[in-house]
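FYI, it's all coordinate maths here, none of it is from the lab. Note that this is a predicted model, so its numbers are computed, not measured. Quick reminder, even Gly has a Cβ in these numbers, built from the backbone with ideal geometry, and neighbours come from all protein chains shown.
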Amino acid sequence: MTQVNYFLTEEQQMIIDLARQIVEEKIIPVRNELDENEEFPWAIIKDLAQADLFGLFIPEEYGGMGGGSLEICLALEHLAHGCIAITTTYAASALGGYPILLFGSEEQKKKYLPEIASGKKLAAFGLTEANAGSDAAGIQTTAEEDGDFWVLNGSKQWITNGGEAEIYTIIAKTDKHKGARGASAFIVEKGDAGFSFGKKERKMGLRASSTRELFFDDCRIPKDRILGRRGQGFIIAMRTLDLARPGIGAVGVGLAQAALDEAARYARQRVQFGQPIISFQAIQHMLADMATEIEASRALIYSVARTIDSGSKNISKIAAMAKLFPTETAMKVAVDAVQIMGGYGYMKECPVEKMMRDAKVLQIYEGTSQILRNVIGKALNSEYAKK
Ligand code: COS
């Protein structure tokens, strides 16, 4: 049967093969145990590091592989076949690294990017707070100048890789009354005085990933840890999210494909009323919709990633689309896979049980589906104002 041809290069196909191999050999055998025990996947992080996957998006001059958006989307998609808790840990390190890549000084890039690229140190991104999630400009953590230092006070909530990462890019208010223009971005290191972590959060899904609160209590960091210029923090956060969102779409495609694979295989084996249930049109139509929406998601993500890699600016709308549709698809496909697999699908021993729990967060983190529609709607409004 002919499959859609995405005309990937040999290098891109190698990334897929590498991710698939890690999934088969390392991730699938342990994913349930890690989920059950809420255990951070350090051993697999080391495998990903050894495979040079942490440096995919980082230029070669800083120790990376020099890949772009498509390369990281391919890695995320194929790792997500195995477990999206582990994939999110990997993705969150890139999310923490993007602000340094996009806005870091030469010194900052030379210091931090090789450490992130090697996978020896994980990174994390700190924007969300107790009272500022979708309303990202509403953050209350402050950073004040004091001689040769910045002094941070406040807290960040639900931070992926919190406590495990060594390098944190943090958005804090430097001018309380300037709204979005009053935020700045900083690099904070684990071990900095006044920087501490809350307890590991317990979650519905993504249970192997680490989610913690970050506390800044007169946390003093050297002046040269600011990223970009004072007042640029909100833009840095938005540009970072723009770059990261197609990757979360790709995580959704990987999860959805794995759920479809499970459901289709099961539907061929499960016999009811004297026939495999895949011979019933009700099941075939569900599988047909699942497969079509997954392929549409994949095509959208690869096209958007290639557009980003061609150097296009103002990518907010297409990046939001490349997260919105694939992650909505992932949730729907995961729910339908459980439905097709019936009682077995609801059992802990069945892979789609975890997939359905894990999928939900894709519609929430890095921009909820509602915020993404706002971003797309706002872009359409200004596009049509010019037509
Ligand atoms: N790239 C560059 N600049 C951007 C931008 C982007 N993607 N998005 C907004 N800006 C700029 C705007 O142009 C505006 O600049 P000016 O002050 O010069 O006009 C400024 O930033 C403020 O933008 P806006 O008025 O649109 O900000 P809002 O407070 O209305 O917030 C949303 C915009 C809702 C889109 C933003 O807060 C958001 O993305 N929220 C979700 C955050 C999120 O994903 N959280 C998950 C945390 S990480 S797991």
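Could you give the angle, 0 to 90 degrees to the nearest 10, between helix 233-269's Cα long axis and the longest principal axis of the Cα atoms of the chain?
20 degrees
Output the 0 to 90 degree angle, nearest 10, between the alpha-carbon long axis of helix 10-22 and the longest principal axis computed from the alpha carbons of the chain.
Its long axis makes an angle of about 80 degrees.
Quick one: which of LYS111/LYS203; LYS109/LYS313; LYS178/LYS200; LYS110/LYS203 span more than 30 angstrom between C-alpha atoms?
With Cα atoms farther than 30 Å apart: LYS111/LYS203; LYS178/LYS200; LYS110/LYS203.
Determine the calculated [θ] at 222 nm for the chain from helices alone, applying -39500 (n - 2.57) to every DSSP H run no shorter than 4 residues and normalising by the residue count; nearest 500 deg cm²/dmol.
Rounded to the nearest 500, it is -17000 deg cm²/dmol.
Under a Cβ-Cβ cut-off of 11 Å, what is the net charge of the residues other than GLN157 that fall near it, where Lys and Arg count +1 and Asp and Glu count -1? Intermediate values should be presented prior to the final figure.
Numbers: positive: LYS156, ARG212; negative: GLU129, GLU201, GLU213.
That works out to -1.
What FRET efficiency comes out for the pair ALA291/PHE149, r = Cβ-Cβ distance, R0 = 41 Å, nearest 0.05?
My answer for the efficiency is 0.15.
Give the peptides 366-372, 166-172 in descending order of average Cβ contacts within 10 Å, highest first.
So the order, starting with the most tightly packed, is 166-172, 366-372.
In debye to the nearest 20, how big a dipole does the chain give about its Cα centre with +1 on each Lys and Arg Cβ and -1 on each Asp and Glu Cβ?
The dipole magnitude comes to about 1060 debye.
Just grab the label-to-label distance for SER310 and LYS120, each label 7 Å out from Cα along the Cβ direction, in nm (one decimal).
A separation of 3.9 nm, rounded to one decimal place.
Taking the Cα centroid of region 150-214 and of region 52-67, what is the distance between the two, rounded to the nearest whole Å?
25 Å
Compute the long axis of helix 369-385 from its Cα atoms, compare it with the longest principal axis of the Cα atoms of the chain, and write down the angle in degrees, 0 to 90, nearest 10.
80 degrees
Restricting to the chain, what percent of DSSP beta bridges are antiparallel, rounded to 5?
Working: 29 of 34 bridges.
Restricted to the chain, the bridges split so that about 85 percent are antiparallel.
State the dimensionless ratio Rg/Rh of the chain (Rg: radius of gyration of Cα atoms; Rh: Kirkwood radius).
Here the Rg-to-Rh quotient is 0.99.
Mind ranking 232-238, 221-227, 322-328 by how tightly packed they are, going by the mean number of other C-beta atoms within 10 angstrom, highest first?
322-328, 232-238, 221-227
Among SER303, SER279, SER155, which one shows the highest mean-square fluctuation when the chain is modelled as a Gaussian network with alpha-carbon springs under 10 Å?
Sorting by GNM fluctuation, first place goes to SER279.
Return the Rg/Rh ratio of region 10-121 with Cα-based radii and a Kirkwood Rh. Please list the in-between numbers first.
Values: Rg = 13.9 Å, Rh = 14.1 Å.
Radius of gyration relative to Kirkwood radius: 0.98.
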